[in-house]
Amino acid sequence: MAEERINRIKEILVIQGKSQKWLAECMSKTPTTIAAMCNNKSQPHLKDLKRIAAILDVDIRELLVPTKE
């Protein structure tokens, strides 16, 4: 069964032409940690999600998969 997609971090990085390694450096986190978040194997804490939104200059809600249409 496929992993449930909760966040769109990887998608936003692709749209903006930025790498996971770049985000890891901006966040002072390991590339492995960021890769796990991007692949929805782990989810960032809310404070980290807020920081990612600020770094990527997007609304925090854009980083999440909507639960309702």
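In the stretch 52-66, is there at least one residue being modelled with pLDDT under 95 and not β-branched (Val, Ile, Thr)?
yes
Restricting the search to the stretch 51-69, which residues are over 16 Å from GLN16 (Cβ atoms) and in contact (Cβ under 8 Å) with a residue 12 or more places away in the chain?
LEU64, VAL65
The values are calculated or read from the model by the stated rules, or taken from the named source; none is laboratory data. All values reported here derive from a predicted model rather than from experimental measurement. No Cβ is skipped: glycine too gets one built from the backbone with ideal geometry, and neighbour counts run over all protein chains shown.
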